[in-house]
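The values are calculated or read from the model by the stated rules, or taken from the named source; none is laboratory data. Please read all numbers here as calculations on a predicted model, not as lab measurements. We place every Cβ from the backbone using ideal geometry, glycine too, and count neighbours over all the protein chains shown.
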Amino acid sequence: MSIFEAIIIAIVEGLTEYLPISSTAHMIFTSSLMGIEKDEFVKMFQVSIQFGAILAVVVVYWKKFLDPRNIGFYAKLACAVVPALVLGYLFDDKIEEVLEKPVPIAITMMAGGVFLLFIDRIFKDGPIEEEKDISVPKAVTIGVWQCLAMMPGVSRAAASIIGGMQQNLSRKLAAEFSFFLAVPTMLAVTIYSVFLKDWEGGEKGYEMLMNDQDTLVMFLTGNIVAFIVALAAIKSFVGILNRFGFKPFGWYRIIAGAVILAVL
C-alpha cells in the first residue's frame, strides 16, 4: 500500500465512520478497487485508522468529554461498551475471516439499506432529548445493539443510532450518543489491534510500525487525515438526519451494494 492509497482509505474512513453506511465495508471495497494487497499491515490499518476519526468526536464535544465532574456520562459509556468488548474478543477471528469476503458484505449493505427505508416508521422520534436522561440500562441496551455491527456491512453508527431510537431517544440524541459510544469502542479496538493482538507471524501491530518507517508514516498520516475529514462529517450528519431521516442513507446503501456486486 502506498501513501496515496493510505490517504484515500483515510478519507473514506473519515467520511463514513459516523454515517449509517458502514465505514468498514467502504474501506474494504476501496482497497479492492485500488488493487491493494491484503497483507497484515493493511488489515491493521483499516481497523486502527478509526482512532483518528474518534478523536474528532472528542474535539467536537470537548465540553462533554473533558468535564471531570461528568462521572455519570463516563459511567454510561463504560457500561455500554462492555457487550462489544466481550463479543469482539470472543469472535475476533471469525470477524477477520468475513473481512476478506466483499460479496456478503455488499449483500449486508443492501439488506441494511432496505431496513433503513422503514426505520423512521418503526421507531418514532423519541421524547428523550438530553444525555443526562439516558439511564444506565438504556445505555447498555444501545451497546448491545451496537454489537450487530460486528458483521461488516451493518454499520456501527446505524446499529447504535437505531438502538438509541428503540430506547426512545430523539434522532439527534441517538446520533450524538452513537458518536460518544464510538470513542471507548474504537479506542479499545485500536489498542487491541496495535498493542495486544498477535498478527500473522506472531508480530504485534506496534512492531510492524516500528520496524518499517514507511508503515509508520502511513499510519500517522492516515489517522490525521481521518481526523480532519471526520470533523466535517460529524458536523453535517446530525442536520441531515434531522431533516431527512434515514431514507437517503437507505437508498445509498442499496444502490452502492448493487453497484459493488455488479463490479465484483
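In the stretch 225-264, what count of residues is obtained for those that are at pLDDT 90 or above and of a type in the set (S, T, N, Q)? Number satisfying all stated conditions: 0.
Residues of the stretch 98-151 that are at pLDDT 85 or above, of a type in the set (Gly, Ala, Ser) and either surrounded by 16 or more Cβ atoms within 10 Å (Cβ to Cβ) or on the phi > 0 side of the Ramachandran plot (or both): Ala106, Gly112, Gly113, Ala139, Gly143. Every condition in (1) free of Cβ contacts under 8 Å to residues at least 60 places away in the same chain; (2) in a loop (DSSP other than H, G, I, E, B); (3) not β-branched (Val, Ile, Thr) is met by Leu209 except one, and the failing one is (2). Of all the listed residues (Lys197, Lys204), the sole one being over 24 Å from Val57 (Cβ atoms), more than 15 Å from the chain's Cα centre (by Cα) and basic (Lys, Arg) is Lys204.
Kindly check whether there is at least one residue in the stretch 47-63 that is more than 21 Å from the chain's Cα centre (by Cα), surrounded by fewer than 16 Cβ atoms within 10 Å (Cβ to Cβ) and not aliphatic (A, V, I, L, M). Yes, some residue in the stretch 47-63 is more than 21 Å from the chain's Cα centre (by Cα), surrounded by fewer than 16 Cβ atoms within 10 Å (Cβ to Cβ) and not aliphatic (A, V, I, L, M). For beta carbons closer than 8 Å, sequence separation of 6+ or different chains, a first residue in the stretch 33-58 that is over 10 Å from Thr190 (Cα atoms) and a second that is surrounded by fewer than 21 Cβ atoms within 10 Å (Cβ to Cβ) and among the polar types (S, T, N, Q), the qualifying pairs are Phe41/Thr215.
For Asp120, the conditions (1) more than 27 Å from Leu261 (Cβ to Cβ); (2) of a type in the set (D, E, K, R); (3) outside any loop (DSSP other than H, G, I, E, B) are fulfilled apart from (1). Checking the structure you have, find out if any residue of the stretch 147-165 is touching a residue at least 12 places away in the same chain (Cβ under 8 Å), polar (S, T, N, Q) and under 26 Å from Trp62 (Cα atoms). Checked against the condition, which is being touching a residue at least 12 places away in the same chain (Cβ under 8 Å), polar (S, T, N, Q) and under 26 Å from Trp62 (Cα atoms), the stretch 147-165 yields at least one hit.
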